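Here the structure is laid out as structure tokens; the discussion comes afterwards.
The values are calculated or read from the model by the stated rules, or taken from the named source; none is laboratory data. Not measured: the values here are computed from a predicted model. Because the Cβ atoms are built from the backbone with ideal geometry, glycine has one as well, and the counts that use them run over all protein chains shown.
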Amino acid sequence: MISRRQALTGGACVAAGAAAASLASVGWSRLGARSTPPPTPAPVAPVEPSAFAPLDRLPDPGAPYLKDIASESGRYFGAALRDTLFSDPDFRSLVVRECNMAVCEGAMKFKAIRPNPHVYDFTAADRFLEFTEAHGMAMRGHALVWHGSTWPWFEEQLQGPDKWRVFEDHIRTVAARYRGRIHSWDVVNEPFEAGRYARNGIRRSVFLENLGEDYIRVAFEVAHDADPESLKFLNEFMFSWPQSAPEKVSGALRTLESLLAAGAPVHGFGLQGHLLTQAEVPVDLQRSFLQEVRAMGMKVYVTELDVRDAEAPQDPQTRDRLVADRVRTFLDVVEETGGYEALLTWGLSDRYTWVSEYYPREDGGRARSLPFDEGLGAKPFYNVVRESLTP
Ligand code: XIL
């Protein structure tokens, strides 16, 4: 556990009482996890509007930017950010120009913050938070609990006698570190699944297998106790794969009902939008799900919007149209069912997207998954988002 003073002075800190045990060997470096704490980076200077790089194709010169359109109705537009933010000034200008909200693509995940069992390394996360605060953007926290970002040593601990303590410590320490500075936390990310990887619509994760379903409620309680001001979200992709959607929907609704019945501090559902050009969104199911979520009084944010296009034709115009059509259909249903308070894309420009890395095209071309292309010019996806945000 870090002290208040450590929390304020920044950088990495060693977890108390753990110095004796040896470091686990780790093989994953994509999220920037390090076994030795890096030096604290220089503070991030705000980007003045005059420093905007000339971008290839402004959507409509003189038009309001997405953040301005969103804020007219008290809403947010934002994007997931990775380290390239700090090395690419043109991209940074685009982010500052368009976004009034952001989320770290990896820097607040377990793997980044916990390089080994004894260290909480907040260096990377701090840097993003300083950036967003310097530019008046709200910051979402992503994510306190996610099966997709753990280390083997943590999974071992989750099977041992101290399992609840280690589970709660991580949540409490990270949430407390940023107390009062995070707009909304994805407290539990992607807990739902279907088929043989699921039990009653809940993913058979290391958390479910060792702690039982109650891990979800406990995570919300602990996060809220450590940082009462932030909004607390469940975050999940529901409709990317039509075949798994019905079971995930029933798992999610049952979970929300039981959280609310138990008085757990859950405030919203983050509807990830990792869509695919080759799969239709099951819109009737999406509609009825969102109606029920709204009826429970939940906020709805669209949290991780992008479109996988590895199977779409090569021609950029055709691809851009397919991508934009998917986004339009998906957002139309969200709007019909009470709308959203925040819309975030997972990345902002095709220059940097996990889709190119995780789901590469056979023809070697880059994904065209996001509102802005590699040259930072606006695409049809941008127009759909802009229309959707316009009050
Ligand atoms: C992805 C990132 O984009 C990758 O760079 C990372 O290495 C793995 O995670 N759903 C989520 C996100 O909730 O955290 C995932 O992000 C994408 C799917």
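Only one of the listed residues (Arg319, Arg294, Arg326) is basic (Lys, Arg), assigned to a helix (DSSP H, G or I) and touching a Gly at 6+ places or on another chain (Cβ under 7 Å). That residue is Arg294. All of Gly273, Gly347 fail the test of being within 16 Å of the ligand (Cβ to nearest atom), within 18 Å of the chain's Cα centre (by Cα) and either assigned to a loop (DSSP other than H, G, I, E, B) or over 19 Å from Glu105 (Cα atoms) (or both), apart from Gly347. Residues in the stretch 289-313 that are within 16 Å of the ligand (Cβ to nearest atom) and among the β-branched types (Val, Ile, Thr) were compared, and the one that is farthest from the chain's Cα centre (by Cα) is Val307. Among Gly141, Gly201, Gly136, which is closer than 27 Å to Ser87 by Cα, of a type outside the set (S, T, N, Q) and either crowded, with 20+ Cβ neighbours inside 10 Å or in contact with a strand residue (DSSP E or B) (Cβ under 9 Å, 6 or more places away or on another chain) (or both)? Checking each option against the conditions leaves just Gly141. The helices (runs of 4 or more DSSP H) found wholly in the stretch 20-132 and carrying at least 2 residues that are over 22 Å from Thr345 (Cβ atoms) and modelled with pLDDT of 95 or more occupy 110-113.
Cβ-Cβ contacts under 8 Å between residues 6 or more apart (or on different chains), taken from a first residue in the stretch 63-81 that is under 18 Å from Leu370 (Cα atoms) to a second residue that is within 16 Å of the ligand (Cβ to nearest atom) and among the acidic types (Asp, Glu), are listed as Ala80/Glu105; Ala80/Glu304; Leu81/Glu105. The residue of the stretch 309-328 that is surrounded by the most Cβ atoms within 10 Å (Cβ to Cβ), among those that are of a type in the set (D, E, K, R) and either touching a residue at least 24 places away in the same chain (Cβ under 8 Å) or in contact with a strand residue (DSSP E or B) (Cβ under 9 Å, 6 or more places away or on another chain) (or both), is Asp309.
Any chance you could count how many residues in the stretch 171-198 are part of a helix (DSSP H, G or I) and either within 16 Å of the ligand (Cβ to nearest atom) or surrounded by fewer than 22 Cβ atoms within 10 Å (Cβ to Cβ) (or both)?
So the answer is 7.
Are any residues in the stretch 350-366 more than 12 Å from the ligand (Cβ to nearest atom) and closer than 16 Å to Val307 by Cα, and if so, which ones? Asp350, Arg351, Pro360, Arg361, Gly365, Arg366, listed by residue number.
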